[in-house]
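Below: the structure, in structure tokens.
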Amino acid sequence: MNNFGWVNMNLIKRVGCIAVIGSSLLICFLGVSMNAEQRRQQKIDYAEITIRNETEKITFLDKQLSKLYKDETEEFLTESIEEVQIKQLESKINQLKTEASDFGLKSEHLPLDISQLSKDKQVLLSKVADIKTKYTIQQQLQEMLVQAPENWDSTSDTVIINENATVENLLKLHNDVVQFNSLWSNSISAFLNEMNVQVKLYNEIEQGIDKMIDGQALTSEATLETFIHHFNLVTQVKNTTLRKGLSERLEQIDQLMNAQIVGEENLLEEPI
């Protein structure tokens, strides 16, 4: 009996321990489940507040982007635009929470429909991409000009290329611009066409001069007719620095041609 009682007591103790452990595990499980549900509810509450705020942010950001355009047509950029403005707005747009995953939730757990919010964000991203591309192209074009245009929507006589302007650089920009089909692209193409004319003129004169002189000696291409032709072309070069460089080379050719003429005259005057 004593042995039986001792075994019975041990069994009771074991069952009691198992029950206590089981109860503890159940309490922990329920606690974890409750905590998980609380955390999810907190995410849902946060999502609801944030989604309403994001709607207001989108409206605000859209207005800020519109200010970077010259007018309501949203074709030409404002003259005062700066790269830092574009980057700041782009960063704020990318930070907008418009997907369930942004809140650590599944779509079915969202308290509000955010499909329109997501579409609105894409519209903003498209608009900022348009602004950034136009700004980049204008900056690259400006780097090949002596002075930035006062207005990008119309060309003028103030368009003057500098030494950075090349046929290759202009062609690359042209290929980027033709992807647009707008008033802006037409205007930029007009700038590029005018710049291309100036580059080709400069190249024609430079190549012609190269053919007339080799080091310090004239070539057979150095005729009076060819010299006068290129001399007249130089006057059409708008960039004063480039024009001066070409004029100095033509002056060198002129001196050599005069020296050649004097030498020939001296030979004729020598007694036979």
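For residue 213, the residues 5 or more places off, or on other chains, whose built amide H falls under 5 Å of its own are 219.
Projected over all directions and averaged, the alpha-carbon convex hull of the range 186-230 occupies 3.6 nm². FRET efficiency for the residue 232 to residue 211 pair, using the beta carbon distance and R₀ = 22 Å, is estimated at 0.85. Placing a label point 7 Å from the Cα of residue 44 along the Cα-to-Cβ line, the residues of the range 81-117 whose backbone N sits under 13 Å from it are 105-112. Taking max minus min of the alpha-carbon positions on each principal axis, the range 95-152 gives extents of 59, 18, 10 Å, largest first. Working from label points 7 Å from Cα in the Cα-to-Cβ sense, the residue 183 to residue 129 distance is 2.4 nm.
Give me the compactness ratio for the range 41-146, meaning the Cα radius of gyration over 2.2 N^0.38 Å. The value comes to 1.31.
List the lysines whose Cα lies under 19 Å from the Cα of residue 238, skipping any in the same chain that are fewer than 8 positions away. Within reach: 200. Accessible surface of the range 149-267, 1.4 Å probe: 49 percent of it comes from carbon and sulfur atoms.
Normalised per residue, the accessible area of the range 149-267 is 60 Å², obtained with a 1.4 Å probe and no contribution from ligands, DNA or RNA.
Histogrammed with a bin width of 10 Å, the alpha carbon distances of the range 95-228 distribute as 10, 27, 18, 16, 14, 7, 4, 3, 1 percent, first bin at zero. Under a model in which nothing but the beta-carbon of Lys, Arg (+1) and Asp, Glu (-1) is charged, the range 66-205 shows a dipole of about 500 debye around its Cα centre. Once backbone amide H atoms are built at 1.01 Å from N, residue 77 has 70 as its partners under 5 Å, excluding neighbours fewer than 5 places away on the same chain. Residues whose amide H comes within less than 5 Å of that of residue 145, counting only those at least five positions distant or on another chain, are 162 (H built at 1.01 Å from N in the peptide plane). Of all accessible surface on the range 41-132 at a 1.4 Å probe, what whole percent is carbon and sulfur? That share works out to 47 percent.
Given the options 212, 230, 180, identify the residue whose Cα lies farthest towards the positive end of the charge dipole of the range 149-267 (+1 on Cβ of Lys, Arg; -1 on Cβ of Asp, Glu). Of 212, 230, 180, it is 180. For a paramagnetic label modelled at 7 Å from the Cα of residue 200 toward its Cβ, which residues of the range 231-261 fall within the zone defined by backbone nitrogen distances under 14 Å? Backbone N within reach: none found.
Remark: the residue 221-residue 261 segment gains 12.9 nm on full extension, using 0.36 nm per residue and subtracting the alpha carbon distance. Summarised as an ellipsoid, the range 149-267 has semi-axes of 39, 13, 10 Å, derived from the eigenvalues of the Cα gyration tensor scaled by 5 and square-rooted, with the largest first.
The values are calculated or read from the model by the stated rules, or taken from the named source; none is laboratory data. For clarity, every value in this text was computed on a predicted model and none was experimentally measured. Virtual Cβ from ideal backbone geometry, glycine too; neighbours counted across all protein chains shown. Surface areas here come from the heavy atoms of the whole protein model, side chains and all, with no ligands, DNA or RNA. Shrake-Rupley method; radii C 1.70, N 1.55, O 1.52, S 1.80 Å.
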